[in-house]
1. Being in contact with a strand residue (DSSP E or B) (Cβ under 7 Å, 6 or more places away or on another chain) and β-branched (Val, Ile, Thr) is the filter; apply it to segment 123-180 and report the residue that is farthest from residue 232 (Cα to Cα).
2. Can residue 150 be described as without any contact (Cβ under 8 Å) to a residue 24 or more places away in the chain and within 13 Å of the ligand (Cβ to nearest atom)?
3. What residue, of 164, 242, is within 17 Å of residue 114 (Cα to Cα), touching a residue at least 12 places away in the same chain (Cβ under 8 Å) and within 14 Å of the ligand (Cβ to nearest atom)?
4. So, in segment 100-118, exactly how many residues are assigned to a helix (DSSP H, G or I) and not aliphatic (A, V, I, L, M)?
5. Can you spot a residue in segment 214-222 that is within 23 Å of residue 97 (Cα to Cα), modelled with pLDDT under 95 and within 15 Å of the ligand (Cβ to nearest atom)?
6. Given the options 251, 265, 257, 298, name the one that is more than 16 Å from the ligand (Cβ to nearest atom), at pLDDT 95 or above, of a type in the set (A, V, I, L, M, F, W, C) and surrounded by 24 or more Cβ atoms within 10 Å (Cβ to Cβ).
7. When the residues of segment 119-137 are narrowed to those that are part of a loop (DSSP other than H, G, I, E, B) and near the ligand (Cβ under 6 Å from one of its atoms), which ends up farthest from residue 95 (Cα to Cα)?
8. Look through segment 73-99, keep the residues that are within 16 Å of the ligand (Cβ to nearest atom) and outside any loop (DSSP other than H, G, I, E, B), and return whichever of them is surrounded by the most Cβ atoms within 10 Å (Cβ to Cβ).
Amino acid sequence: MSLPAEFIQRLRQIIPPEQWEAVWQALHTPKTHVGLRLNPLQLPETGVPRFFSWCRKHDLNLTPLTGLKGGFCAPITQKSLLSHSEWAQNGQIYLQNPGSQWIGQLLSVEPGMEVLDLAAAPGSKTTQLAAQMANHGYLAAVEPIKSRYFRLKDNLERMGVTHCRTFLADGRSIGRKVPSRFDRVLLDAPCSSEGRIHAQDPASYAHWSVRKIKEQARKQKGLILSAWQALKPGGVLVYATCAFAPEENELIIARLLIKHPEAQLLPIELPFPHWQPGLSAWNGKALPESLTHTRRILPNDLFDGFFVAKIQKPA
Ligand SMILES: C[S@@+](CC[C@H](N)C(=O)[O-])C[C@H]1O[C@@H](n2cnc3c(N)ncnc32)[C@H](O)[C@@H]1O
């Protein structure tokens, strides 16, 4: 099997020519590294030296990830050692792609805030947000799929999260129930998962289709309006997907801007070169210029592909 021709053809329209070769390589070469983060809720600073000495004992080369609090990467050959270690089992470390860690960090949460994670399972970012909040404030996590909801609850428990309430619910129903409630909302939306597609993993693209993209876009439109409604004036929404498709990304934000022209896209700084600004046109149609503040994180030997937008509701 090879990557779907239509996927490649669409991707060529999205990725700038000067970044195409690197993306093509990333789609065809296995990852060389795996990302992880330390969890201060279960591994306080005093315990970190013991973790590093365990790594040295196992010849495990950890490299800090620039700009990511508590983020590291390790050679992929050591992924299994890490994921089966007592550190992972006890929630002291969490294996998480750096692109995903960036999305959790871009929400800029602080202890004491009221935070909503509207599409939360399995909880990689919920547990990251909880750690940034040091278990202070209020964190609400929503997931409608039962099996995923229970996985989320298990992860929250293992990672030592104590200030999070979970809801088995459709995220589209939340905004009208708790309008203007939250300082921060994360919508890490269900998507076509194109950012995880890899040529060597046919399962990653077996269900890819433009129809699926359109289906996900329909759901994302409802979710983002709910997320916006739940946000306090002055609050910040981070919208993210692990899809490349503009229908799931720029067009979702553009529609929010039509319904809520007061929404302000905030600039996003990333300290690495493999990203591109959001598109200002798609399929011959111009998009609002402010969409160039959004970012498509491009895949490489460590990162999966993501899209992220940071949007403020004026006070
Ligand atoms: C991209 S995943 C979230 C990953 C998660 N934020 C993390 O970092 O671990 C999207 C999640 O949205 C859930 N979902 C699907 N439909 C939803 C809906 N209508 N409302 C809320 N969540 C939904 C999916 O089941 C899935 O768990």
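The values are calculated or read from the model by the stated rules, or taken from the named source; none is laboratory data. Worth saying up front: this structure is predicted, and the values here are computed from it rather than measured. Note that each Cβ is placed from the backbone with ideal geometry, even for glycine, and that neighbours are counted across all protein chains shown.
1. So, considering only residues that are in contact with a strand residue (DSSP E or B) (Cβ under 7 Å, 6 or more places away or on another chain) and β-branched (Val, Ile, Thr), the one farthest from residue 232 (Cα to Cα) is 127.
2. On the way: without any contact (Cβ under 8 Å) to a residue 24 or more places away in the chain: yes; within 13 Å of the ligand (Cβ to nearest atom): yes.
Here the answer is yes, as residue 150 does meet what is asked.
3. 164
4. The number of residues fulfilling the criteria is 5.
5. no
6. On the way: 251 fails: surrounded by 24 or more Cβ atoms within 10 Å (Cβ to Cβ); 265 fails: surrounded by 24 or more Cβ atoms within 10 Å (Cβ to Cβ); 257 fails: surrounded by 24 or more Cβ atoms within 10 Å (Cβ to Cβ).
Being more than 16 Å from the ligand (Cβ to nearest atom), at pLDDT 95 or above, of a type in the set (A, V, I, L, M, F, W, C) and surrounded by 24 or more Cβ atoms within 10 Å (Cβ to Cβ) holds for just one of 251, 265, 257, 298, which is 298.
7. Within segment 119-137, the match that is farthest from residue 95 (Cα to Cα) is 119.
8. To start, the set of residues in segment 73-99 that are within 16 Å of the ligand (Cβ to nearest atom) comprises 83, 88, 91, 93-99.
With outside any loop (DSSP other than H, G, I, E, B) added as a condition, the list becomes 83, 88, 93-95, 98-99.
Details: 83: 15, 88: 17, 93: 24, 94: 24, 95: 14, 98: 27, 99: 25.
Filtering segment 73-99 for residues that are within 16 Å of the ligand (Cβ to nearest atom) and outside any loop (DSSP other than H, G, I, E, B), the one surrounded by the most Cβ atoms within 10 Å (Cβ to Cβ) comes out as 98.
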